[in-house]
Amino acid sequence: NDWKHAFNVSSNGADASEISTAEAYQAGWKLEYSLAEKNFVFGTVDWRKDRFSGVDQQLTEAVGYGHRLIDTPKHLLSVGLGVGHRSADLADGTTESVVIGRGNVNYSWIFSETAGFDQNIIVESGSDNTYIESISAVRARLLGNFALVLSYTIKQNSDVPIGSEKTDRLSAVSIEYAF
């Protein structure tokens with residue numbers, strides 16, 4: 001298995017007193033190709049849309065090199081570094097298109113046959129903005145390929161229009177299907 005594919009789609013929303021306070025969508029795909037026992041190259045495409053942030057929509061593509069620092073049956077720690085491009089539509093009606101540097105750290109701890117913990121951090125930095133995303137999640141397999149996931153996500157943009165929050169925090173309970 002020299003090739004690995006990871007695809008994710010998510011959406012979230014919130015209402016307070018029948019007024020929408022959050023609405024976000026995200027889709028991403030990551031491809032890895034193993035070069036040697038612990039080294040790999042990767043490509044990513046991520047699309048994000050958020051009605052309530054200063055960045056309405058952004059699309060990033062990146063390629064890079066990664067290394068598995070720890071690769072055991074119970075623990076996996078990998079890092080990656082790459083370059084890419086980000087296009088963003090801002091809430092004030094302007095658009096940005098920049099070259100970015102992309103770094104990521106992924107840690108997985110499988111603490112039983114049916115449960116585990118994941119910590120994923122992504123940093124995408126360009127001349128106009130730095131986007132940081134941290135996802136902490138505990139997974140418990142329910143039945144077959146279905147799992148219950150409890151997660152906490154922090155998303156931050158360093159430069160947003162006036163009146164917009166730089167940081168979003170999201171706690172979620174979700175069902176995941178892995179194949």
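Bear in mind that the values in this text are calculations on the coordinates, not laboratory data. Keep in mind that what you see is a predicted model, and the values were worked out from it rather than measured. As a convention, Cβ positions derive from the backbone with ideal geometry for all residues, glycine included, and neighbour counts pool all protein chains shown.
Taken as Cα centroids, the range 107-179 and the range 1-68 sit 10 Å apart, rounded to the nearest whole angstrom. Using the Cβ of ALA91 as centre and a radius below 10 Å, the other residues enclosed give a net charge of -3, where K and R count +1 and D and E count -1. Whole-Hz Karplus values for the range 91-100 come out as 4, 7, x, 8, 10, 10, 9, 9, 7, 10 Hz, taken residue by residue from phi with 6.51 cos²θ - 1.76 cosθ + 1.60 and θ = phi - 60°; glycine and proline positions read x. Using the Cβ-Cβ distance between LEU148 and LEU77 with R0 = 22 Å, the FRET efficiency computed as 1/(1 + (r/R0)^6) comes to roughly 0.35. Measuring between alpha carbons in the structure, the pairs from LYS4/LYS155; LYS38/LYS74; LYS49/LYS166 lying more than 19 angstrom apart are LYS4/LYS155. The modelled label-to-label distance for the pair LEU31/SER171, using points 7 Å beyond Cα in the direction of Cβ, is 3.9 nm.
What residues have an amide H closer than 5 Å to that of ALA91, excluding those fewer than 5 places away on the same chain, when H is modeled at 1.01 Å from N in the peptide plane? So ALA91 has HN proximity to VAL55, ASP56. Each residue of the range 43-57 was assigned a 3J(HN,Hα) from its phi angle through the Karplus expression (A = 6.51, B = -1.76, C = 1.60, θ = phi - 60°), giving x, 9, 9, 10, 10, 9, 9, 9, 5, 10, 10, x, 10, 4, 8 Hz with x at Gly and Pro.
Ratio of the range 26-179's C-alpha Rg to 2.2 N^0.38 Å, to two decimals?
1.12
Electrostatic bookkeeping for THR167 treats Lys and Arg as +1 and Asp and Glu as -1; over the other residues with beta carbon under 13 Å from its beta carbon, the sum is -2. Treating r as the C-beta distance of ASP2 and LEU69 and R0 as 25 Å, the FRET efficiency rounds to 0.80. Karplus-based coupling profile of the range 60-73, in residue order and whole Hz: 10, 10, 8, 10, x, 10, x, 9, 8, 6, 10, 8, 10, x, with θ = phi - 60° in 6.51 cos²θ - 1.76 cosθ + 1.60 and x standing for Gly or Pro.
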